[in-house]
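Working notes, structure below.
The values are calculated or read from the model by the stated rules, or taken from the named source; none is laboratory data. All values reported here derive from a predicted model rather than from experimental measurement. Here the Cβ positions follow ideal geometry from the backbone for every residue, glycine too, while neighbour counts run over all protein chains shown. Each accessible area value is taken on the protein alone, full model and side chains, heavy atoms only, with ligands, DNA and RNA left out. Shrake-Rupley method; radii C 1.70, N 1.55, O 1.52, S 1.80 Å.
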Amino acid sequence: IASQKAAAQTMSSPSLTMAQDELKKIAAYKAVEFVESGMVVGLGTGSTAKHAVDRIGELLQQGVLSTIVGIPTSMKTHEQALSVNIPLSDLDTHPVIDLAIDGADEVDPDLNLVKGRGGSLLREKMIEFASKKFVVIVDESKLVDYIGGSGLAMPVEVVPFCWKFTAQRLQLLFEEAGCVAELRTCPETGDPFVTDNRNYTIDLFFKKSIGDLKAAGDAILRLPGVVEHGLFVDMATVVIVAGDGGVTVKNK
Ligand code: 5RP
């Protein structure tokens with residue numbers, strides 16, 4: 001399972017270069033400026049959010065932040081946060097989160113998102129739903145004209161039971177958008193990728209826009225077998241974009 005998670009993390013950023021990683025770090029550091037001592041903070045997953053977690057750990061160690069409580073969005077982030085001595089809790093104990101910081105795979109002009117190419121969309125959605133403020137951090141390659149516009153995957157977490165049935169129904173649902181549904185597998189083994197919640201992921205690829213995103217998300221959730229989808233509609237409060245021209249802060 002550990003190697004599956006590593007594979008999925010790599011899949012989310014297939015063409016990461018040093019320059020891109022530097023942009024991710026700039027966006028992450030900017031977002032951490034929103035963190036104040038005493039806050040309950042949602043800790044995102046992925047190569048961009050990793051920089052934010054490291055930075056929070058560093059500020060705690062330096063005493064710039066006196067204390068925070070972190071709520072990690074994946075097992076991987078849980079381990080990373082512990083390694084930099086961030087005190088952790090969970091949603092059951094802290095059902096209201098002050099601020100969540102996380103990356104995204106696509107950001108449209110209305111600040112709607114695709115998330116989950118890194119394999120953690122369910123915990124991310126639960127924690128970001130519970131957050132008073134959700135700060136998204138991306139390099140400019142994540143900006144799209146419309147959701148699905150990158151041509152890359154929009155993930156859906158499904159139960160393993162009869163996943164082919166669920167994949168077929170998902171593909172049918174978006175037939176008009178030329179949808180292709182694929183089970184996510186581990187590149188090394190070819191086995192299904194298993195999420196932290198022991199589910200599978202179906203990646204949807206679209207040839208055209210899927211139109212009304214809220215309606216699309218609701219239709220996906222009505223399918224038996226679906227656990228959650230990677231459309232994050234109207235959830236981001238702030239999007240921080242780092243590009244060659246500098247940092248842009250977009251407010252909802
Ligand atoms: C994980 C996610 C990530 O936030 C998303 O995949 C972006 O990852 P990265 O910062 O590595 O580009 O949704 O489930």
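Summary table below
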item	result
Scan of segment 171-186 for residues that are more than 15 Å from Lys208 (Cβ to Cβ) and part of a helix (DSSP H, G or I), ordered by number	Leu172
Tally, over segment 22-52, of residues that are within 8 Å of the ligand (Cβ to nearest atom) and at negative phi	7
Residues (outside any strand (DSSP E or B) and open to solvent by 20 Å² or more (accessible area, probe 1.4 Å)) located in segment 236-252	Thr237, Asp244, Gly245, Lys252
Flag for Met75 being within 16 Å of Gly118 (Cα to Cα) and in contact (Cβ under 8 Å) with a residue 60 or more places away in the chain	yes
Meets criteria (acidic (Asp, Glu) and either open to solvent by 20 Å² or more (accessible area, probe 1.4 Å) or free of Cβ contacts under 8 Å to residues at least 60 places away in the same chain (or both)) for Glu157	no
Unique match (being at pLDDT 95 or above, more than 9 Å from the ligand (Cβ to nearest atom) and in contact with a helix residue (DSSP H, G or I) (Cβ under 6 Å, 6 or more places away or on another chain)) among Val144, Val135	Val135
Output for segment 220-235, where each listed residue is open to solvent by less than 20 Å² (accessible area, probe 1.4 Å) and within 20 Å of Ala167 (Cβ to Cβ)	Ile220, His229, Gly230, Leu231
Filter result for Ser120 (modelled with pLDDT of 95 or more, more than 14 Å from the chain's Cα centre (by Cα) and open to solvent by 10 Å² or more (accessible area, probe 1.4 Å))	no
Every residue from segment 112-131 that is assigned to a helix (DSSP H, G or I) and near the ligand (Cβ under 6 Å from one of its atoms)	Leu121, Glu124
Evaluation of Ala167 against (1) within 14 Å of the ligand (Cβ to nearest atom); (2) open to solvent by less than 20 Å² (accessible area, probe 1.4 Å); (3) assigned to a helix (DSSP H, G or I) (one fails), failing number	(1)
Residues (within 9 Å of the ligand (Cβ to nearest atom) and either open to solvent by 10 Å² or more (accessible area, probe 1.4 Å) or part of a strand (DSSP E or B) (or both)) located in segment 76-111	Asp102, Asp105
Filter pass, Leu152 being hydrophobic (A, V, I, L, M, F, W, C) and either more than 12 Å from the ligand (Cβ to nearest atom) or surrounded by 24 or more Cβ atoms within 10 Å (Cβ to Cβ) (or both)	no
Tabulated pairs, segment 180-193, first without any contact (Cβ under 8 Å) to a residue 12 or more places away in the chain, second open to solvent by less than 50 Å² (accessible area, probe 1.4 Å) and part of a strand (DSSP E or B), C-beta under 7 angstrom, 6+ apart or interchain	Thr185/Pro192
Residue list for segment 123-149, filter: surrounded by fewer than 21 Cβ atoms within 10 Å (Cβ to Cβ) and more than 12 Å from the chain's Cα centre (by Cα)	Phe129, Ala130, Lys132, Lys133, Glu140, Ser141, Leu143, Val144, Asp145, Tyr146, Gly149
